[in-house]
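Report on the following structure.
The values are calculated or read from the model by the stated rules, or taken from the named source; none is laboratory data. The structure presented is a predicted model; accordingly, all values stated were derived computationally and were not measured. Cβ: placed from backbone, ideal geometry, glycine included. Neighbour counts: every protein chain shown. Just so you know, the surface numbers come from the protein's heavy atoms only, side chains and all, with ligands and any DNA or RNA stripped out. Shrake-Rupley method; radii C 1.70, N 1.55, O 1.52, S 1.80 Å.
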Amino acid sequence: MHIQSLAGEWQFHKSGEETWLPARVPGGVHTDLMALDLIPDPFVADNEKRVLWVAESDWVYRRTFMVDAVLMTEQRVALVCDGLDTLAEVTLNGVRLGETDNMFRRYTWDVKPLLREGENELVILFRSPVQYITKKQAERPLRGVSQAIPGGPYLRKAPCQFGWDWGPQLPPIGVWKDIRLEGRSNARMADVHLRQQHNAGVVTVMATVALEQWDAVPLKLLLRVTAPDGTTQQTQVAIAGHTQTLALQVKNPQLWWPNGYGEQPLYTVDVLLLAEGNVCDAAHYRLGLRTLELRREPDTWGESFTFVVNGVPIFAKGSNWIPADSFPTRITDAFLERLIRDAALTHQNMLRVWGGGFYEEERFYDLCDKYGILVWQDCIYSCSIYPMWDDAFIENTRIETVENVRRLRHRTSLALWCGNNEMEAGWVAWGWNRPENADLKADYDRFFHHLLPAWIAAEDPDHTYWPSSPSTGIPFQPPHGQERGDAHYWDVWHGGKPFSAYRGQFPRFMSEFGFQALPTLATIQTYADEADWNMTSYIMEHHQRNAAGNGKMIAHMTDHYRMPKDFPSLVYLSQLLQAEGIRFGVEHWRRNRERVSGTLYWQLNDCWPVASWSSIDYFGRWKTLHYAARRFYAPLLLSVEDVGTLMGIHVTSDLQTPWEGVVHWSLQTLGGAELESGSEPVTAAPLASTHVRTLNFGDKVTDANCRDVIFLCELWQGDTRNAQRVATFVPDKHLSLVAPELSATLSQWEGALVIEVTAKSLARFVEVGLFGADVVFSDNAFDVPAGHTVRVTCPLPAGWTLDDARDALWMRSLYDSFA
């Protein structure tokens, strides 16, 4: 067995031109043109419009190479293309190998007869995806999203690359995954199905191998399992037939848990195909030992929708994942790990790989396995009607499904296969269900309720299939219900309802809801000059893809805050607004965790610098929402259900054992004078929400003083304060805030910068930062009650002294946004 990479230096040019230009593979036309300064950065200003011609053109890539001598000693040599995006014609040494039309598939051709000594030439002609879908759309228009180039459903390419309500119209073209030559002799493993069985604490790892053999030599299979401590077990069998199963009982098995519920030990599993002692083929995996089910059982409210891992019901805390760059080949390993790690740092345990992007690369699932992040995996169909009357389209998607299910089914993090994003909602509520679309609805029914689940079940019987998100699980029953299935709730953002509307929703699982904010000012500076720092400027609206989105932010902002004094304050308030809105929903649903089994806010990340629903912007900078998520997704959540003068204290626990502590509360003025106070002992039940007490301050809080008092609540265990919450009796815009006179004391502890912040009067939503450095703090946008000290930490930037940090520190609070 021998592999020769063909990645690296290539050449390319626009079809019809003659001059070859340098290129990188994996890569794409846009990134190659940018590297040569032949197009401007599409993410700056409105340069996107100036590069639309790139995807409207055909492009040619070529690579010349010498074949490794050892490769030619193998009986068979294949050209393997893990990802060609998308419409490609592949030629080797002047011989046409074939065409491709699906970026989600692997394409393989037997090429040994075509390889020669000396120089070989591989040429790939990429046809314009825009020209293709435009022609198809003219033949029979299909419904899609309004922000996209029409016709995208006709091509098996990431839907969002044609545009979305948070993404640009920049469909990439090129070799987007690895490309190589693979040489083998005697036989190969056509498929390896890795599974695990758990029975009363005994764990068995099994590998079922489908073989392709072309030389009559004795073959053996070897299964080796290496524990996290390096201990190795293995078994070996002689092959009899075209399918063989091996099994190993794991000694002293260590279970894998989602983030926050335990550790994530990973075993290494190797499957080797041997011929006369030589390795013909090999497959290598990282595997966590765990059981996982989606529990759907009748209960008081209808039917549960709860993920259960190792017998423990999990409250899914997470967000929705979109492609991390419009040009995915430039996502570095370090940046991808940073995003997944930052999700884990905010106590998230699930990401939904949304159906408008693509099946992610191996490194994404490696990181989810490592950090304990369960994956809700959508199949790649979203918000559109697809040409499912076409037999060629059906066969293409069948192969796509089989390949990707086989690639991902062993993943420890994989929790669910979902058929599509919001397409059932389209048929029920978006006006698709019209007489002229009757055949298309029948095609949808056949595909998502019969063909696709059958294909997935045949390849992966161990994971649940769910037909659409949202869905009740009953075809064409109105989704978003409160009795069964999952829900998307957009009445706050799209419908303009107040944040309090979240408290009227009791879904069994909330898989989408969100609110927009601007990215950080440092990110805005990368695409908008200061002259454009206005919510209605052309450039700011160009980097807002949701109709009237900037206006919606302003409208909600006026419900909660005073109008900002300048643009930086507007950015600050937009992020506060987003964080408070999502907090309002999550805290409510976690308080009702016996009924609601998960919340996935929309969305974790961005694919370009833009105003969006993300909690982390395109450059990886944390918005205020991400800091808030660290609080509202904490394993032990203190929340206050504030209704008028009623203050309900709740402690929600994801811990698997009881927790004991105390709640200290006080009714106090903005200046810190206590009007009433008390303490409540707390025994927080495991995996449950505990109502501690509801206080009624109707006799203390009146129209005369309601703007001057707050409710302060703290959760303590011994000398440790676990959480703090401030609740108000009026909107923040009506509080009689005065200058809080913030002060900070800085010190160092074990290499970290420690900042202790105090205030003489209530400082609401204190944001701290360091000029000249992008750092993540232990907390941000926090409240500092009068006379209290709040301690936050961050890494001390490399090469900085404590004095440098003192000079660079800046702070602001809600008061500073208008005063």
Exercise. Restricting attention to segment 121-221, which chymotrypsin sites (Phe, Trp or Tyr not before Pro) occupy a DSSP loop and are surrounded by at most 15 other Cβ atoms within 10 Å?
Worked result: Trp214
Problem set entry | Sparse-neighbour loop sites [chymotrypsin sites (Phe, Trp or Tyr not before Pro); segment 272-329; at most 16 other C-beta within 10 Å; DSSP] | Trp301
For this session: Give, rounded to the nearest 20 debye, the magnitude of the charge dipole that segment 80-229 has about its Cα centre when Lys and Arg contribute +1 at Cβ and Asp and Glu contribute -1 at Cβ.
Result: 400 debye
For this session: State the answer as a single residue: which of Val738, Asn186, Thr599 lies farthest towards the positive end of the charge dipole of the chain, with beta carbon charges of +1 for Lys and Arg and -1 for Asp and Glu, about the Cα centre.
Result: Thr599
For this session: Over all directions, average the projected area of the Cα convex hull of segment 304-353 and note it in nm².
Result: 4.5 nm²
Seminar exercise, completed: Placing +1 on each Lys and Arg Cβ and -1 on each Asp and Glu Cβ in segment 687-819, then taking the dipole about the Cα centre, the residue among Val766, Cys794, Ala727 whose Cα reaches farthest towards the positive end is Ala727
Exercise. Which of the helices in the chain meet the span-like rule: DSSP H, Cα axial reach of 27 Å or more, Kyte-Doolittle mean at least 0.0?
Worked result: none
For this session: Place +1 on the Cβ of every Lys and Arg and -1 on the Cβ of every Asp and Glu in the chain, take the dipole about the Cα centre, and give the residue among Ala611, His480, Ser319 whose Cα lies farthest towards its positive end.
Result: His480
Exercise. Taking 0.36 nm per residue of separation and subtracting the Cα-Cα distance, what length does fully extending Thr231 through Asn47 add?
Worked result: 60.7 nm
Problem set entry | Part-to-part distance (alpha-carbon centres) for segment 664-709 and segment 1-80, which is given in Å | 63 Å
Seminar exercise, completed: Amide H proximity to Leu219 below 5 Å, modelled H, separation 5+ or other chain, gives Ile239
Exercise. With θ set to phi - 60° and the Karplus curve 6.51 cos²θ - 1.76 cosθ + 1.60, what are the ³J(HN,Hα) couplings of segment 191-208 in order, to the nearest whole Hz, using x for Gly and Pro?
Worked result: 7, 10, 10, 9, 9, 9, 10, 10, 8, 6, x, 8, 10, 10, 9, 10, 10, 9
Exercise. From the Cα gyration tensor of segment 397-546, with a ≥ b ≥ c the square roots of its eigenvalues, which class applies: rounded if a/c is under 1.5, or else prolate if a/b is larger than b/c, or else oblate?
Worked result: prolate
For this session: Would you mind calculating the relative contact order of the chain from Cα pairs under 8 angstrom and at least 6 residues apart, reporting the percent as a whole number?
Result: 9 percent
Seminar exercise, completed: With all protein chains in place and a 1.4 Å probe, Trp430 shows an accessible area in Å² (nearest 10) of 100 Å²
Exercise. If you compute volume of the Cα convex hull per residue in Å³ for the structure shown, which of (i) 277; (ii) 184; (iii) 195 do you land on?
Worked result: (ii)
For this session: Please report the Cα spread of segment 1-72 along all three principal axes, rounded to whole Å, starting with the longest.
Result: 51, 25, 18
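Express in nm, to one decimal, how much length is gained between Trp214 and Thr720 on full extension, taking 0.36 nm for each residue of separation and deducting their alpha carbon distance.
The span from Trp214 to Thr720 would gain 175.4 nm if fully extended.
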Exercise. Summing Lys, Arg as +1 and Asp, Glu as -1, what charge do residues with Cβ under 12 Å from the Cβ of Leu336 carry, Leu336 excluded?
Worked result: -3
Problem set entry | Residue-averaged 222 nm ellipticity for the chain, from DSSP H runs of 4+ at -39500 (n - 2.57), nearest 500 | -5500 deg cm²/dmol
Seminar exercise, completed: In debye to the nearest 20, the charge dipole size for the chain, taken about the Cα centre with +1 at each Lys and Arg Cβ and -1 at each Asp and Glu Cβ, equals 1060 debye
Exercise. Per-residue accessible area for Leu802 at 1.4 Å probe radius, Å² rounded to 10?
Worked result: 40 Å²
Exercise. So how exposed is Arg707, as accessible area in Å² (1.4 Å probe, rounded to 10)?
Worked result: 110 Å²
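Among the chymotrypsin sites (Phe, Trp or Tyr not before Pro) in segment 362-407, which ones are in a DSSP loop with at most 15 other Cβ atoms within 10 Å of the Cβ? Mind listing them?
Trp389
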Exercise. Summing Lys, Arg as +1 and Asp, Glu as -1, what charge do residues with Cβ under 13 Å from the Cβ of Thr243 carry, Thr243 excluded?
Worked result: -2
For this session: Would you grab the residues whose amide H sits under 5 Å from the one on Val111? Only those 5+ places off in sequence or on another chain, please, with H modelled 1.01 Å from N.
Result: Val77, Ala78, Leu79
For this session: Could you tell me what fraction of 2.2 N^0.38 Å the Cα radius of gyration of segment 130-240 comes to, as a two-decimal ratio?
Result: 1.81
Problem set entry | J(HN,Hα) series, segment 171-177, from Karplus relation 6.51 cos²θ - 1.76 cosθ + 1.60, nearest Hz, glycine and proline x | x, x, 9, x, 7, 9, 9
Exercise. Taking amide H positions as placed 1.01 Å from N in the peptide plane, with prolines and chain starts having none, which residues 5 or more places from Glu361, or on another chain, fall under 5 Å of its amide H?
Worked result: none
Exercise. R0 = 25 Å: FRET efficiency of Ala531 with Phe818, Cβ-based, nearest 0.05?
Worked result: 0.60
Seminar exercise, completed: For Lys370, the lysines lying under 22 Å Cα to Cα, once residues fewer than eight places off in the same chain are dropped, come out as Lys251, Lys317
